[in-house]
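What follows is a short report on a single structure.
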Amino acid sequence: MITKKHLIIALSCLIMACPALAQELKSPDGLLRMNFRITDNGVPGYQLFYKGKEVIKPSKMGLELKGNTTKVEFGDEAAIKTEQKDIKNSLYDGFSLKNTATSSFDEIWQPVWGERKNIRNQYNELSVNLIQKGTQREMVIRFRLFNDGLGFRYEFPQQKNLIYFVIKEERTQFAMTGDHTAFWIPGDYDTQEYDFTTSKLSEIRSLMKKAITPNASQTPFSPTGVQTSLMMKTKEGLYINIHEAALINYACMHLNLNDKDFVFESWLTPDANGDKGNMQAPAQTPWRTIMVSDDARNILASALTLNLNEPCKIEDTSWIKPMKYVGVWWEMITGKSEWSYTYDLPSVDLNKTDYTKVKPHGRHGATTENVKRYIDFAAANGFGGVLVEGWNTGWEDWFGNSKDYVFDFVTPYPDFDLLGIQNYAKSKGVEMIMHHETSGSIRNYERHIDTAYKFMKRHGYNAVKSGYVGDMIPRGEYHYSQWINNHYQYAIEKAAEYKIMVNAHEAVRPTGMSRTYPNLIGNESARGTEYQAFGGSKPNHVTILPFTRLIGGPMDYTPGIFEMDISKINPNNKSWVNSTLANQLALYVTIYSPLQMAADLIENYERFPDAFQFIKDVALDWDDSKYLEAEPGQYITVARKAKGSNNWFVGSVAGEKGHTSNIVFDFLDAGKKYVATIYADTKDADYKKNPQAYEIRKVVVNNKSKLVQKSVPAGGFAISVIEVTNKSQLKGLKTL
């Protein structure tokens, strides 16, 4: 259900005689103010203020083009030569103001799933119609100013003088007011799977080499290039976040820093030809977003990214359901078992290789027997799904060979009884989750995608985890170029036709598209838990992710690791999970996702059944979320109310310094009592020496209760807050 209050005030201001006249736009609460201005040489620009203080200094706007921009008839070589000779490649200067229009918008909409039941979408809008002298090309810059930030995009109307055009570079600037503290990862065309570095803007250049760590596919582009979502904090305590929304038919935006003037400029991911975008008018860019607040909690609570995306395009969403799952995955990540079936094959030809004639190496994880163990475990503990990786043929030479026909997505290994597992899972009330690793071969996946999706539906699979590990095919393309981004979108929309939910790994980071296509139920697109088995992640990693990667949408972080010493799983792997067990529990609340995995091995959960209870109990979909404490890189505490329930769940994670939380339960209903079960670090917990030291205690709470709770470095706590419906629940418990 959507309710709207939509007020439009059209102001067609024909003020071309005053090209430098500033246009002002204020947020609905009046705390944010944006000024738009055209300089004397026709360069459009903007400036942003918060509570009267400058946040973004005057910043230039526009795009640089390459090649032809108008339609030339086939065979007219003279026209082509003339056009190329006289071409104007600037869409960043020579503009004058044709007209402007303003409007206001206010609605309440309800997501299919999310952090809250109702989302308010309220903004004031200014659209600026520009015309370029000499070329008579038109460009619209549309600004939307919310109470929590600014969004703007470029629009190219249907016109005679700008039809087909190639983007050489987008020239959008974000001019900072000083040497802010930034929480950043290296700019890269192929991966976001880096640990975050916290530094001053002026230090990025000197720290870049250390920040670039090995990955399966990576292409850094600049010693001062960083990725969005970029989180910053000024010395005055102002929080600034730069990202993009509604990334459709366009290249992913990075930011390149001029570290002398502290000016960021947009830097798009190129295609195989080095071009940044191929456009056909009418067209538009994604929204460029700037969130601003003097309270870090407001950045986390913002729905600006979602609000800049289009409403849901899937008419019937009843099949889209949040899910908790387990699976055959962590054992391969740690090296305990393998995705492949045999060592006998130096290479695989899917049309010829006969797996019945090779010797199994005995380390295959996706066996019928092993999968049934996970199905039994899921059924016994109330989990909806089981993911199985390595079930299909082709894993013997899947990576690093630039192999086109690498998987067919339908043929199981001999030790994976497809029909038997399908029937067994159905008898237990558990759904199987498909795995489609593409090895970066986009051509191959698109050739097989209809067959693969039909195969899924025929065998009872309603969700797929897709993967894009390694360099891309077509060769020369990058993970975040326009063409590849269009593939990700194609896969999501095609999946919707088959009523399939998608959890995309190694794809471009999300930009709020889950509002429009909520079957995109999960993304990785960042450094997830798997890296804890690849040498470890920094203790503060999970206190930064919600301020950066999660600004665009939920993350399939795969939490729930109870055994931190990976050598106990695989003696050859000396990695260590830099987290306490209580921290792992808290992640189910602090890192939002409607798709949550209990990622550890079954036997490790069986060792700690009392702690595992929280994972079983915690909800996936929420009526409300309250960010109680937040400081990027240090701590995050959030309370969430379960969908259709009066029960709440609280999670808190701390960085490398630890944290003492002081929280008030004033989010609870007045006059009601609740039983709070607190899972927390013990006093002697230590993420390196004693990570499994946790304590569980129960108390009675109400909306006046207060809690002081210490978290050790890389620690945390989780709380289930269950409404009292029977006085017997209170027996023997103290009131907090």
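The values are calculated or read from the model by the stated rules, or taken from the named source; none is laboratory data. Treat the numbers as computed from the prediction; the structure is a model and nothing was measured. Here Cβ is always computed from backbone atoms with ideal geometry, including for glycine, and neighbour counts include all displayed protein chains. Accessible surface areas use protein heavy atoms only, side chains included; no ligands, DNA or RNA. Shrake-Rupley method; radii C 1.70, N 1.55, O 1.52, S 1.80 Å.
Laid out as a table, the results:
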item	result
Residues that are basic (Lys, Arg) and not in a strand (DSSP E or B), drawn from region 683-712	Lys683, Lys688, Lys689, Lys704
Residue list for region 284-338, restricted to those being small (Gly, Ala, Ser) and closer than 30 Å to Ile375 by Cβ	Ser318, Gly327, Gly335, Ser337
Selection from region 548-570 of residues that are touching a strand residue (DSSP E or B) at 6+ places or on another chain (Cβ under 9 Å), in a loop (DSSP other than H, G, I, E, B) and not charged (D, E, K, R)	Thr548, Gly552, Gly553, Pro554, Met555, Tyr557, Thr558, Pro559, Gly560, Met564
Subset of region 295-308 [within 16 Å of Ser229 (Cα to Cα) and part of a loop (DSSP other than H, G, I, E, B)]	Ser302, Ala303, Leu308
Tally of residues being small (Gly, Ala, Ser), farther than 25 Å from Ala491 by Cα and either free of Cβ contacts under 8 Å to residues at least 40 places away in the same chain or surrounded by 22 or more Cβ atoms within 10 Å (Cβ to Cβ) (or both) across region 410-454	2
Odd one out for Tyr405, checked against (1) closer than 30 Å to Ala611 by Cβ; (2) among the aromatic types (Phe, Trp, Tyr); (3) open to solvent by 60 Å² or more (accessible area, probe 1.4 Å)	(1)
Among residues of region 571-607, those that are under 24 Å from Asp376 (Cα atoms) and open to solvent by 30 Å² or more (accessible area, probe 1.4 Å), counted	3
Strands (runs of 3 or more DSSP E) (entirely within region 34-146) containing at least 2 residues that are open to solvent by 20 Å² or more (accessible area, probe 1.4 Å), at pLDDT 95 or above and not basic (Lys, Arg)	44-50, 53-60, 95-109, 119-132
Residues of region 515-531 satisfying the condition of being open to solvent by 10 Å² or more (accessible area, probe 1.4 Å) and under 21 Å from Ala582 (Cα atoms)	Arg527, Glu530, Tyr531
Subset of region 468-507 [in contact (Cβ under 8 Å) with a residue 60 or more places away in the chain, open to solvent by 20 Å² or more (accessible area, probe 1.4 Å) and either in contact with a helix residue (DSSP H, G or I) (Cβ under 9 Å, 6 or more places away or on another chain) or β-branched (Val, Ile, Thr) (or both)]	Val469, Pro474, Glu477, Tyr478, Trp483, Lys499
Enumeration of residues in region 571-601 that are in a loop (DSSP other than H, G, I, E, B), over 21 Å from the mean Cα position of the chain (by Cα) and either over 20 Å from Phe547 (Cβ atoms) or at pLDDT below 95 (or both)	Pro571, Asn572, Asn573, Lys574, Ser575, Val577, Thr580, Asp600, Leu601
Residues being under 28 Å from Asp316 (Cβ atoms), of a type in the set (A, V, I, L, M) and either touching a helix residue (DSSP H, G or I) at 6+ places or on another chain (Cβ under 8 Å) or in a helix (DSSP H, G or I) (or both) - total across region 512-529	2
First in region 572-585 and free of Cβ contacts under 8 Å to residues at least 40 places away in the same chain, second anywhere and polar (S, T, N, Q), Cβ under 8 Å, 6 or more apart	Lys574/Ser567
Qualifying positions in region 713-730 - open to solvent by 10 Å² or more (accessible area, probe 1.4 Å) and either touching a strand residue (DSSP E or B) at 6+ places or on another chain (Cβ under 8 Å) or in a helix (DSSP H, G or I) (or both)	Pro713, Ile722, Glu723, Val724, Lys727, Ser728, Gln729, Leu730
Matching option when the condition is β-branched (Val, Ile, Thr), in contact with a Gly (Cβ under 9 Å, 6 or more places away or on another chain) and closer than 22 Å to Ser579 by Cβ, among Val650, Val712	Val712
Elements of type strands (runs of 3 or more DSSP E) in region 632-680, at least 3 residues being crowded, with 24+ Cβ neighbours inside 10 Å	635-642, 648-654
Residue count, region 147-158 (criterion: farther than 18 Å from Pro44 by Cβ, open to solvent by 20 Å² or more (accessible area, probe 1.4 Å) and in a strand (DSSP E or B))	0
